Amino acid sequence: MPQPPMTDPVTYPEPLAHPETRGIELIEASERHGRARDLFPVWAAPNVSVLNFTVGASLILLGLEIWQAILVIIAGSLPWILTGIVATSGPAAGTSGSVITRAIYGIRGNRVVVAFFGWFISAVFLALNWLASSFMGAELLAQLGFPDPVTGPVLVTIVVAGITVLVAVFGHSLILRSYPVVASVLLVVFLLVTAFALPHVQWGYAAPAPLEGGALWSAMTIGFAILASTPLSYTNSPDLARYLPETTKRSSIIAATALGGALPCMFFTAVGALLATGISAAAMDLGIESAILSLLPAWLGPVFVVGVIINTISLNGMTTYTASMAFQSIGVPIRRIPSAVVVGAIGTALTIYLVMSTSLLDAVNLMLQLLVLISGPTMAVFAVDVILRRNRYDGNDLFNEKPGSPFWYSGGWHIPGLLAVVLGAAVASLFLTNTAWTGPISAAMGFLDLSVPVSIIVTAAVYFALSPALRRGPAKTPVTQGAPA
């Protein structure tokens, strides 16, 4: 298969006036730059999000007390450690995660997984985040005298999607330089919103019908699945770390990535849970985004909406950027920038469909739970592969797609990786509980949702058992920087 077209070497700092033309090509040692701590704001900016308020409120709607919701939020943040572990493979291999997974699934098997996972998951998350900004932007337009419930959200979606694609087009340099500023601005805005909303919290809140026994565990496990689905979806974390020097300390990459994503998620999800205690059921039916706006002074409402839109652009800009490399990794002859436009178009279409057919709360909860069946196994097998290989990936071997190459395996398919993911997803589906599907084992256990731990444990166990050569530890092959022949 032909290699992706090489671009001219780019020296850092890349000029922000020029789009990043590099795709999945290996990063030269001379082009490696930055420190692990630079990753913290890159992950913090997308996760200072109104979706955290939405998910936190859903925990209270499930019937949990405040302290129970806080415990679930803490537990649901633990999978961010896996996101950090996977991120370490980026500097080690010097390429994107969608290429590194050739080591897990084989050359041909990887095309199937990336074609589905890289585009489907990306489009869904683009839609979920654009949906939040669309509803809130439409609410602001309604206050300004443009009340159309369909045209408003659609217009906001199209404008925000266009800006998002521009962020993806300019790429890594823009993300690395601008996201620290974006994270700081968003933190100030969301803390202001929190300060004005907290007086409405019922600190002595008690659930109208306190949950006990199986009903309590069902609500807590469903909440955990919803929360854990976010960090488990970020198998693209190597893409943001791949420009770091290969010698960057792994523990620092893990800490910066995991804490950057987890801390804002934990804090603002907890705030969302608290806010739900002071919002009436009727207001919640209209959406927590509208309810929050009603609690804010007139001057802060528009600022909050703008903050939500900026957050959406930062998160979806990163998602579109990494997804734009998926087509290249599976051999489609397309450059990264046109690919980013295609990803944006798919996400925009899905968002417009959701705007006209569902509420934000329903869409978030249903899709996040269903995505666990894909994201849980793929994240688990990636993290186990990094651990078993001791993060030793040869970039040139990853680009060798000829029969007999190191990652050709059995006709281009690596059965242990593929079987682990399929079995992990299949078994996890038996333990899933949501409005679309309830697995038979989950129903028999009182509607416990154990899909996340089951998907991770089964996938990891199968891959570990079927990979004796990896358990013995691969020998280190020096990475030759530059493009493979």
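The values are calculated or read from the model by the stated rules, or taken from the named source; none is laboratory data. Note that the structure is a prediction, hence the values are computed from the model and not measured. Cβ: placed from backbone, ideal geometry, glycine included. Neighbour counts: every protein chain shown.
When A93 is tested against (1) crowded, with 24+ Cβ neighbours inside 10 Å; (2) under 15 Å from the mean Cα position of the chain (by Cα), exactly one condition is not met: (2). For region 144-171, the set of residues classified as farther than 18 Å from N129 by Cα and under 25 Å from the mean Cα position of the chain (by Cα) consists of V169, F170, G171, listed by residue number. No other residue among V99, V72 is more than 28 Å from A323 (Cβ to Cβ) and within 20 Å of the chain's Cα centre (by Cα) apart from V72. Could you check S229 against (1) under 30 Å from W299 (Cα atoms); (2) modelled with pLDDT of 85 or more; (3) among the small types (G, A, S) and say which number it fails? For S229, the exception is condition (1). Within region 98-116, residues that are under 18 Å from A380 (Cβ atoms) reach partners that are hydroxyl-bearing (S, T, Y) and assigned to a helix (DSSP H, G or I) with beta carbons closer than 6 Å, at six or more positions or on different chains, in the pairs S98/S329; I100/S89; V113/Y105; V114/S98; V114/S329. In the set (1) farther than 20 Å from I66 by Cβ; (2) in a helix (DSSP H, G or I); (3) not aromatic (F, W, Y), A195 fails one condition alone, (1). Within region 322-336, residues that are among the hydroxyl-bearing types (S, T, Y) sit with their Cβ atoms under 7 Å from residues that are modelled with pLDDT of 75 or more and not in a loop (DSSP other than H, G, I, E, B), at 6+ positions apart or across chains, in these pairs: T322/D239; S324/A168; S324/S339; S324/A340; S324/V343; S329/S98; S329/V99; S329/V114.
In the condition set (1) among the hydroxyl-bearing types (S, T, Y); (2) surrounded by 21 or more Cβ atoms within 10 Å (Cβ to Cβ); (3) over 30 Å from P453 (Cα atoms), S178 is compliant with all but (2). Listed by first and then second residue, the pairs linking a residue in region 177-200 that is under 11 Å from P41 (Cβ atoms) to a residue that is of a type in the set (V, I, T), with Cβ atoms under 6 Å apart and 6 or more places separating them unless they lie on different chains, are Y179/V42; L186/V48; L187/V48.
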